[in-house]
Amino acid sequence: MNVNRRSFLAGTTAAMVMPNVALASPTILRAEPVVAQILPEGDGTTAMLGFNGSTPGPELRFRQGDEVSVQFENQTDEGSSLHWHGIRLANAMDGVPGLTQPLVLAGQRFDYQFQVPDAGTYWYHSHNRSWEQVAKGLFGPLIIEEQNPPLVDHDITVMLDDWRIEETGALMGGFGNTHDFAHAGRMGNYAKILPSRDTVRHGDRIRLRLINTATARIFPLKIEGLDGMVVALDGMPLQAPRPLAEVTLAPAQRIDVIGNVTGTVDFLFVARDGLYELGGITADGENTTPISDAIAELPAADVATPKEQPDHSLTLRMEGGAMGGRHAGDDIWAFNGVSGLPDVPWAQFQRGQTVMIDLVNDTSFPHGIHLHGHHFNEVNPDGTLGDIRDTSLVDARQSQKIAVVFDNPGKWLLHCHMLGHQASGMKTWVEVL
Ligand code: C2O
Ligand code: CU
């Protein structure tokens with residue numbers, strides 16, 4: 001793993017606390033240049049892009065079932081759009097320029113309006129030149145609350161991110177560098193957590209909503225100071241909470257954890273050569289009336305269960321990149337020999353069909369494959385249905401079957417969420433009729 005040890009260590013204590021903004025509909029998200037304190041307080045600031053004056057953008061919070069309306073104003077100097085990652089929404093609101101909407105040019109606006117059917121942890125991000133616009137800061141958390149949320153003392157969003165940054169604080173250039181694209185992507189030399197709150201009390205029950213907003217880095221993560229259970233993956237509740245052991249978040253993946261604070265909650269990046277502190281939430285004082293109920297499962301999402309006999313079975317073969325792969329086209333990465341978005345969909349399905357897709361990674365790098373507009377079940381090696389997700393991590397030379405009920409009509413992107421891989425070919429689309 002390409003971690004610059006010194007830079008990582010330089011950031012040990014700094015955690016940036018985001019403003020927690022309560023917003024009533026309609027919400028305005030104005031993309032614009034911002035200045036951020038990425039390096040520790042006292043070091044140089046960083047010219048980035050953000051929303052309403054900050055990066056990450058404001059946390060949007062809605063209630064399950066809400067009709068959401070967001071006015072997107074593009075005050076940057078290039079075209080953009082907003083994608084609502086993981087939301088099963090109407091296709092026209094999915095935010096993919098050229099597939100579901102026109103590019104929102106500099107100075108223009110676009111009104112997004114959609115219903116949020118599932119409670120859980122999601123995020124929004126630019127979907128144009130995302131390997132650069134997301135790396136520069138055009139993203140934010142999107143939290144959909146349950147009708148009856150589980151009882152906690154604090155509900156805390158924790159984004160994990162990295163930056164390729166100079167000691168002065170300036171972002172390094174070279175976005176779109178083909179060497180990065182052909183390898184694991186643009187890895188930062190500085191990483192930390194962005195928590196929405198920086199102190200709790202011993203004994204507090206907290207909910208952590210982890211979101212990996214990095215454009216390329218996979219975060220294997222250890223969390224200390226919390227006696228907790230994993231309760232949801234990619235917004236989707238687990239049938240039964242699982243003890244919190246080491247967890248892994250591929251780019252765009254989310255994990256919800258509920259637990260009781262036993263000490264400062266520390267976030268440790270598990271690298272091959274040791275643990276790196278990404279920041280923490282300080283435990284200060286004592287909660288003398290702690291919540292001691294068992295941590296229960298969240299109410300199940302209303303996602304269709306795949307049929308036992310799929311209507312179609314397909315293979316999506318990831319190819320290309322440095323160090324092999326059979327793809328030899330102009331672009332770096334491909335699915336089934338095709339780089340970039342084809343004019344016609346990779347597959348068309350009748351609404352409601354169950355499709356088994358074998359995600360076969362024929363490359364030397366891991367890929368996090370994201371399907372828009374749907375969630376799917378990962379299929380366990382024994383053929384039973386596994387976790388429900390919207391982004392599935394497939395390690396180098398491995399494969400992962402997913403079972404999808406394509407019940408949301410429209411044109412849906414299917415791509416690698418290592419955003420440099422997406423930019424250099426690893427994307428396609430399906431159509432649900
Ligand atoms: Cu989060 Cu197509 O992306
Ligand atoms: Cu990839």
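Observations on the model:
- Some residue of the range 243-251 being modelled with pLDDT of 95 or more, closer than 21 Å to S196 by Cα, out of contact with any Leu (no Cβ under 9 Å at 6 or more places or on another chain) and not aliphatic (A, V, I, L, M): no
- In this structure, G386 does not qualify as under 22 Å from the mean Cα position of the chain (by Cα), surrounded by fewer than 23 Cβ atoms within 10 Å (Cβ to Cβ), more than 17 Å from P251 (Cβ to Cβ) and within 15 Å of ligand 2 (Cβ to nearest atom).
- One residue from A184, A214 being of a type in the set (A, V, I, L, M, F, W, C) and open to solvent by 20 Å² or more (accessible area, probe 1.4 Å): A184
- Test: residue in the range 218-230 that is among the acidic types (D, E) and open to solvent by 60 Å² or more (accessible area, probe 1.4 Å): yes
- Residue match in the range 332-351 (condition: under 16 Å from Q398 (Cα atoms), within 16 Å of ligand 2 (Cβ to nearest atom) and surrounded by fewer than 19 Cβ atoms within 10 Å (Cβ to Cβ)): yes
- Scope the range 199-217; condition under 13 Å from L419 (Cβ atoms) and touching a Ser or Thr at 6+ places or on another chain (Cβ under 8 Å); matching residues: T215
- Filter result for L414 (within 28 Å of P102 (Cα to Cα), assigned to a strand (DSSP E or B), modelled with pLDDT of 95 or more and not acidic (D, E)): yes
- Against the conditions (1) over 28 Å from T391 (Cα atoms); (2) open to solvent by less than 30 Å² (accessible area, probe 1.4 Å); (3) modelled with pLDDT of 95 or more; (4) among the aliphatic types (A, V, I, L, M), A14 satisfies every one except (3).
- Single residue of the range 368-383 satisfying the filter (in a loop (DSSP other than H, G, I, E, B) and surrounded by 15 or more Cβ atoms within 10 Å (Cβ to Cβ)) that is nearest to ligand 2 (Cβ to nearest atom): H372
- Within the range 277-319, tally of residues that are modelled with pLDDT under 95 and either touching an Asp or Glu at 6+ places or on another chain (Cβ under 8 Å) or aliphatic (A, V, I, L, M) (or both): 0
- Evaluation of H179 against the conditions (1) open to solvent by 50 Å² or more (accessible area, probe 1.4 Å); (2) assigned to a loop (DSSP other than H, G, I, E, B) shows that the sole unmet condition is (2).
- Among the criteria (1) more than 16 Å from G98 (Cβ to Cβ); (2) within 16 Å of ligand 2 (Cβ to nearest atom); (3) not basic (K, R), the one T428 does not fulfil is (1).
- Residues that are assigned to a strand (DSSP E or B) and open to solvent by less than 10 Å² (accessible area, probe 1.4 Å), drawn from the range 352-367: T354, V355, I357, L359, N361, H367
- The conditions of being among the basic types (K, R), open to solvent by 10 Å² or more (accessible area, probe 1.4 Å), assigned to a loop (DSSP other than H, G, I, E, B) and touching a residue at least 60 places away in the same chain (Cβ under 8 Å) are met by R88.
- Those strands (runs of 3 or more DSSP E) of the range 93-165 in which 3 or more residues are open to solvent by 10 Å² or more (accessible area, probe 1.4 Å) and away from ligand 1 (no atom under 16 Å from the Cβ) occupy 109-115, 154-163.
- A396 passes every criterion in (1) within 27 Å of P117 (Cα to Cα); (2) touching a Pro at 6+ places or on another chain (Cβ under 6 Å); (3) surrounded by fewer than 18 Cβ atoms within 10 Å (Cβ to Cβ) apart from (1).
The values are calculated or read from the model by the stated rules, or taken from the named source; none is laboratory data. In this text, all values refer to a predicted model and were calculated from it rather than measured experimentally. Don't worry about glycine lacking a Cβ; one is built from the backbone with ideal geometry, like all the others, and counts go over all protein chains shown. The accessibility values were calculated without ligands, DNA or RNA, using every heavy atom of the protein model including side chains. Shrake-Rupley method; radii C 1.70, N 1.55, O 1.52, S 1.80 Å.
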